[in-house]
Amino acid sequence: MSIEEVKSSYDCVVIGAGHNGLVCAATLARSGRSVLVLEAAGQVGGAASTREFATGFRVSACAHLLHLMSADLMRELNLAGMGLEYAAVDMPTTALAAGQPPMVVSEDRLGSEGAAYVAYAARMRRFAAVLAPILAAVPPRLGTQRWKDRLALLGAGWRIRKLGRRDMRELLRIGGMNVHDLLQENFTSPVLQGALAADAVLGTNFGPRSPGTVLTLLYRLAAQASAGAALAQPKGGMGALCEALARSATAAGADIRVSTPAARIVVEQDRAAGVVLESGRSIAARTVISSADPKTTFLRLLGAHFLDAGFVRSVNHLRTRGLAAKLHLALDRAPRFTDLEPASLGGRLLVAPSLEHIEHAYNHAKYGEYSAAPLMEVTVPTVNDPCLAPPGRHVLSAVVQYAPYGLKEGWQHGRQRFTDLAIDTLEGYAPGLRASIIGVELLTPEDIERDFRITGGHWHHAELAFDQFFMVRPVPGAAQYLTPVDGLFLCGAGCHPGGGVMGAAGRNAAHQVLKQVS
Amino acid sequence: MAPVGSYDAIVVGAGHNGLVAACYLARAGLKTLVLERQPYIGGAAVSRRLYRDFTYSNCSYVCSLLRPEIIRTLQLPRFGLQLIPYEGGCTMMRDGGHLALYDNHDALRREIARHSKRDAEAYERYSRDVMRQCKFIKPLLMREPPDPTSFKPRDILELLHLGQRFHRLGERRMYDTLRFWSMSAADFLDEYFESEIVKAHFAGSSIIGTALGPRSPGTAYVLLHHYMGDIDDTVGAWGFARGGMGAISNALGASLQASGGAIRSGVEVARILVRGGRARGVALASGEEIRSRLVISNLDVRRTFLKTMDPGDLPDEFLRRVRNFKIRGSSGKLNIALDGLPSFPAIPAGAPCIRGDMHVTDTVEMMERAYDDWKDGRWSRAPYIDMLIPSQIDPSMVPDGKHYMSVFVQYCPYVLADGEWDGQQRQAFGDTVIDTIARHSPDFKSLILHAEIRTPWDIENEVGLTEGNIFQGELTMDQLLFNRPIPGYAQYRSPVRGMYMCGSSTHPGGGVMGAPGANAARAVLRDLRRMQPA
Amino acid sequence: MPADAVRPPHFEQPLLQTPFHARARALSQVDSFIPWAGYTTVDVFTHVEQEYFAIRNASTLYDLTPMVKYRITGRGGSAYLNRLVTRDVGKLKIDRVAYCVWCNDAGHLIDDGTVFRFGENEYRLCTAERQIDWLLDSAVGFEVDVTEITEEVAALALQGPTSFAVLKAAGLAGIERLRPFEIGRFSIATQPVTVSRTGFTGDLGYEIWMVPGSAEVVWDALMVAGRSRGIRAIGSQALNVARIEAGFISPKIDFLSAERTIRIGRERSPLELGLAWLVDFDKGHFTGRRALLEESRRGVRRRLVGLDVEGNKPAHNALLYAQRSGKHEIGFVTSATWSPTCKRNIALAMVDAPHFAVGGILWADIYLNRELVWERRMARSRVVERPFFAPDRRRATPPADF
């Protein structure tokens, strides 16, 4: 069915068929709304798609692991019934360090650090459990007279209190701390510290010494606390998840159109009234929900003339500079990491041998340079899911940090050198890797910006930092999935609780739409 | 040796906060004694004569935030304290240009406009926003932070009070405040200014004394310090003390003695004595014991609890937290006696900005790179310096025609990556700083009569500040308000009854402010009233 | 005009001089200068009353150069201005001027000023305070170029009943056809000038705009042409009396820009300032529109009103009370003067709801210094319509030729 065949009027039009857009659409459709999803690309998924980067080799384009999406959401949308299968679940994490045997990060494999790790992990889990409900709800507003907002704040306060005095004090202390200090307080092994710190800084514009990195770590742990799968790899790559989401939405009655870019959001009588497509066709809607990043939504699709100047100033100040690149290698054989247990190859491998290593890698990003010795999160998805490559061949997928948007020397110059540097780093841990490479792709934040239409190419659409979190995410005045324009909502990663393949923003936004527009 | 004398209160350490606390206690009628290890009082706020007739403000060099209510109550002007504002300030640039700050609004606008017309006007928005935050925060300085885990009426009321004040800001300003407290200085400044030099100049005050860079979240609020003195027309709250920083300590000492308090200097406290969970007095290094009902420590928490107390007198959990309290040496200091006023070709003749704080870091990146060096255990190869020549304003400090220059240096580590500080390392550090200045002042080196170089290691040894940290503890979110210094012990009390803290390790932290001392004294007196039968 | 090179640097002499400075200095008898937007300007030349009566009786020259001027051009110029100000700029014809206000998101006034339309997308915005920061932030998303041109344009206000006659005598052909708020191009002593029939006195008057190089020639020509028509240079004090009579508000006196307030609740909305007539809710979106709609639905909490105060002592800084007893405070005076023309003691005041209705009686708490002895007086005051003085001659086209 082409776009000409869809209705000319819907209850809801969702812009963008990334995972958040699809979750939002599916949730709205299940509540009986007529929903149309518009996607500019030729397939659903946005940045959570599976991509053929070399002939016959496919890989998850950005995030390559599923570990944040809540179990409730997955059940609600019946993703299992919609064809979502896992190639692997509970994947192990192994820390690589030069000159040392790989270290499996697991309670029983850490030797002398084991006891400290058990206590640390248990405490962080308790904190994560307290914070998890915050991710699954619309953030309250401050300073209103509404009881709902006050109750939400009191509720969060009460959950923290219920931790008990000792834990509460600890949470209030470490909440503003840097992960470097936290890990120094708890551990002595540099490799373990590096591995644990990596989770705090992946996808952020921070190094381990940046205050606020405990919060980004807790955020990740909180999402994991209610996740449907702990470190899992969807069969067929991340795109398969979005296809399942799309099927769920379609099954609930939503229409989804790919290759149908929205050109602008229509405002009539102070309300969002629909969308005009790049083809020129208009589609009327009572509500428009954008999963595009806030800058794209407000400044490109809507337009500053519908907004107050101070609000536009805030949107403009939103920090959206991406720092993570994605490296994809097509290999003619399985990589051989030195001393790596076979089970680990199907898991997550971290190149973050110490806090200093990560901090040094981050230093470069501050000045618009790429890391001389990057931090990497590596998977070999074909170990668990051979269909992603021709028989006997393999794919290596690595998140490589830091690779800043707006590289000073320009990515056209830096691309090859940074690719070589990342491959050399891997070669050090897996000798012979380079010789087995038959195809290479590096997605810098600028490629991500272009291919997935995300301003700045930031996976989270906007930096995860205290001042862009929770009730001020993305900006004050648009933090409850609402916008200054009635009938226009946000549902993307730029909203609370942020990105990663979590879907919470899409789901919370749908609930907000349902509440506001009955 | 038999105990000599007996006091109501002993204050350990005659730093400015110890003296402030002692003054308040003595004025309340307590028999108060201050003990000081050095032969002079003042801690880091001292004026010393280390070269001929030159008076140095040895460590602390400007009086930023000394609370006017303290100056007034303790009658410090009567005891010789005179604060004089300094004029302007500037940053010299590597390309020979400069940015100056002037008190006159129009001169300032035209000066900033030389670099960016837009920034000249954005500066108004910047000052407004910073001032709004000052207005909110200032009243918190002189209050005891509430314990959020407590159900005591006092804590709950205090929390409610805080909540109410916050709520009164209105929704938008509440968000502004939340963001302000958590942002990095660099990100914050990016929301106002486009010119690198303007950002660099203002970013400077966000890193002084901290082991953070301008890109570290949480540094924006440190920008307040330059403004805090300006609100409510408390003119001259930011400036020099006539006669050097020792004038503050001396005035406090005199005020204390006038109130009947006593000071003994040149005696080192070896142990705070505890029996039956109660402080009983102190033992001096000489073996002498002095009895007292109350002991108030002006030392930083690490020194107080790890070096002058018996670990057996303290809970393990508390000790662990004290060990984890972050006190990081990150600053050095040079005191330089000059044969004359150095020339700075970047500054136009007659510009008053050389009577203020001078800097040579012209980009935020340069400042951040200076921090990167510190993280790796090196002093900054291109350090951020805060350089003043107070003798231009206060001629009482030097012989006629000579000058004294105070150079505060950020960053300088307490421990070097390649080993301990030695004489050679110290000299190399000093040379780095002197070379940095000489790049902007061709005659500077030839005017140096004497240069005293202080690394964090030296500051620790001389003043007693752990790691030479000027704030007695990092000013990061995990160590502010109810977290400062230790969660659960943020109200100046310690696990030992009768034993209190009054140094900058406590809320609201460092700077020659006196608020921790005054707040601690208030906590002590309140406890005393409660213990006394009606 | 003295070259900038010979002027002392800004850290020695922070204030700039306008191109009329030498002329003004020569006429200044009492050496009374005040800063205005970075320039030094005359507060009083000779005597406030003499200068005031020249505004109402003859004609006056007032140096307007420090008025901050912005050039606004580009394809999105009209759209930009319409999003900036509360009035519908689309209705403003080419070569016309409109008085406008603009607000922040909360609907609080940032400033007032005049918009001059010179072409389809060519405007000039004149304001009392610099605000390029706000103007450029407002430009995000618009194809527009905003440049400050204060130093490129010198300006004089020629105001008073004989101002038309002065211009006619100075040889401005066709000036009689220039209607209120209209712009025309003329020449004075061969110097090209732009003349707008605008002003801040509420009387007949013009504002004359020129390049700085023409400033002294134009000044001299007007002084010659006006010699027999009672022309004199005036300072800000006399103008302030006239503008209160005309009921005009002044920034930093009657309101403070919302971009400058530090304390909570010091901002003012145009509705509170009695400027609802400048707010066009039907023209499309503008900054502050949603907040102002909400405020107009809810009703204003306070409003700026005119007061007729008993007695003859101006109610400077007076607090206002609902009763003579002085128990229930309901507002304060923002501007006050004895009106020499109306012979009334007038004031502008910010009054809390519901006390601002016209005809209402309030009490002003006035402190009088009588030969160094302070006395206090509760003066009965009545809320009245503004303006206090609005002669028909200000609008007559052609104006009367005296």
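The values are calculated or read from the model by the stated rules, or taken from the named source; none is laboratory data. Owing to the predicted nature of the structure, the values given are computational and were not obtained by experimental measurement. Here the Cβ positions follow ideal geometry from the backbone for every residue, glycine too, while neighbour counts run over all protein chains shown. Side chains included, ligands, DNA and RNA excluded: accessible areas come from the protein's heavy atoms. Shrake-Rupley method; radii C 1.70, N 1.55, O 1.52, S 1.80 Å.
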Where in the range C:38-153 are the strands (runs of 3 or more DSSP E), entirely inside, with at least 3 residues that are more than 28 Å from C:S296 (Cα to Cα) and not hydrophobic (A, V, I, L, M, F, W, C)?
-> C:39-44, C:59-63, C:68-73, C:122-127, C:145-148
Any hit, the range A:212-227, residues being within 21 Å of A:A97 (Cβ to Cβ) and modelled with pLDDT under 95 = no
Here are some conditions: (1) open to solvent by less than 40 Å² (accessible area, probe 1.4 Å); (2) without any contact (Cβ under 8 Å) to a residue 40 or more places away in the chain; (3) farther than 27 Å from C:Y39 by Cα. C:N82 meets all but one. Which one does it not meet?
-> (2)
Please go through the range A:125-174 and pick out each residue that is facing chain B (nearest Cβ under 9 Å) and open to solvent by 80 Å² or more (accessible area, probe 1.4 Å).
-> A:R165, A:R166
For C:D308, indicate whether it is more than 29 Å from C:C100 (Cα to Cα), under 27 Å from the mean Cα position of the chain (by Cα) and surrounded by fewer than 19 Cβ atoms within 10 Å (Cβ to Cβ).
-> no
Out of C:S339, C:S381, C:S335, sole residue that is closer than 30 Å to C:L178 by Cα and open to solvent by less than 10 Å² (accessible area, probe 1.4 Å) | C:S339
Is it true that some residue in the range B:38-49 is in contact with a strand residue (DSSP E or B) (Cβ under 8 Å, 6 or more places away or on another chain) and at positive phi?
-> yes
Read through the list (1) surrounded by fewer than 23 Cβ atoms within 10 Å (Cβ to Cβ); (2) away from every other protein chain (no Cβ under 14 Å), then give the number of the only condition that B:G468 fails.
-> (1)
So, in the range B:136-174, of the ones that are buried (at least 18 other Cβ atoms within 10 Å of the Cβ) and under 18 Å from C:E267 (Cα atoms), which residue ends up nearest to the other protein chains (Cβ to nearest Cβ)?
-> B:M174
Failed item, numbered, when B:L162 is tested on (1) touching a Leu at 6+ places or on another chain (Cβ under 7 Å); (2) modelled with pLDDT under 95 | (1)
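This table checks each residue for (1) away from chain C (no Cβ under 14 Å); (2) surrounded by fewer than 17 Cβ atoms within 10 Å (Cβ to Cβ).
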| site | (1), (2) |
| --- | --- |
| A:I265 | no, no |
| A:V276 | yes, yes |
| A:S282 | yes, yes |
| A:A285 | yes, no |
| A:S291 | yes, no |
| A:P294 | no, no |
| A:F298 | no, no |
Just for the range C:102-149: of the residues that are among the β-branched types (V, I, T) and away from chain A (no Cβ under 14 Å), which one is farthest from the chain's Cα centre (by Cα)?
-> C:T147
From the list B:L341, B:L319, which residue is more than 14 Å from chain C (Cβ to nearest Cβ), among the hydrophobic types (A, V, I, L, M, F, W, C) and in a helix (DSSP H, G or I)?
-> B:L319
Could you list, in sequence order, all residues of the range A:437-480 that are under 30 Å from A:R141 (Cβ atoms), in a helix (DSSP H, G or I) and more than 12 Å from chain B (Cβ to nearest Cβ)?
-> A:T455, A:G456
Does the range A:441-476 hold any residues that are aliphatic (A, V, I, L, M) and over 15 Å from A:A61 (Cβ atoms), and which are they?
-> A:A462, A:L464, A:A465, A:M471, A:V472, A:V475
Residues (under 13 Å from C:S163 (Cα atoms), open to solvent by 10 Å² or more (accessible area, probe 1.4 Å) and part of a helix (DSSP H, G or I)) located in the range C:175-220 = C:E176
Among the candidates B:Y24, B:Y61, B:Y56, residue that is over 22 Å from B:Y227 (Cα atoms), within 22 Å of the chain's Cα centre (by Cα) and at pLDDT below 95 | B:Y56
Would you say A:G237 is out of contact with any Cys (no Cβ under 6 Å at 6 or more places or on another chain) and closer than 22 Å to B:D376 by Cα?
-> no
Taking the range C:253-293 and keeping residues acidic (D, E), more than 12 Å from chain A (Cβ to nearest Cβ) and open to solvent by 20 Å² or more (accessible area, probe 1.4 Å) leaves C:E267, C:D280
When (1) more than 14 Å from chain A (Cβ to nearest Cβ); (2) closer than 27 Å to B:E36 by Cα; (3) touching a residue at least 24 places away in the same chain (Cβ under 8 Å); (4) open to solvent by 10 Å² or more (accessible area, probe 1.4 Å) are applied to B:D418, the one that fails is (2)
Residue check, B:R94 more than 14 Å from chain C (Cβ to nearest Cβ) and part of a loop (DSSP other than H, G, I, E, B) | yes
Candidate set: the range B:476-489, residues that are open to solvent by less than 10 Å² (accessible area, probe 1.4 Å) and within 10 Å of B:H507 (Cα to Cα); chosen: the one nearest to the other protein chains (Cβ to nearest Cβ) | B:N483
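Matching residues to (1) within 20 Å of B:G332 (Cβ to Cβ); (2) at pLDDT 95 or above; (3) surrounded by 22 or more Cβ atoms within 10 Å (Cβ to Cβ):
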| residue | (1), (2), (3) |
| --- | --- |
| B:E36 | no, yes, yes |
| B:G42 | yes, yes, yes |
| B:R52 | no, no, no |
| B:Q75 | no, yes, no |
| B:Q82 | no, no, no |
| B:E87 | no, no, no |
| B:D95 | no, yes, no |
May I ask you to say which residue of A:A504, A:A422, A:A435, A:A403 is farther than 20 Å from A:C24 by Cα and open to solvent by 10 Å² or more (accessible area, probe 1.4 Å)?
-> A:A435
Is it fair to say A:A324 is modelled with pLDDT of 95 or more, in the same structural domain as A:C62 (by TED's automatic domain parsing) and not aromatic (F, W, Y)?
-> no
Is it the case that some residue within the range B:323-338 is within 27 Å of B:E268 (Cα to Cα), modelled with pLDDT of 95 or more, within 14 Å of chain A (Cβ to nearest Cβ) and in contact with a strand residue (DSSP E or B) (Cβ under 8 Å, 6 or more places away or on another chain)?
-> yes
Read through the list (1) more than 14 Å from every other protein chain (Cβ to nearest Cβ); (2) over 30 Å from A:A29 (Cα atoms); (3) charged (D, E, K, R), then give the number of the only condition that A:R313 fails.
-> (1)
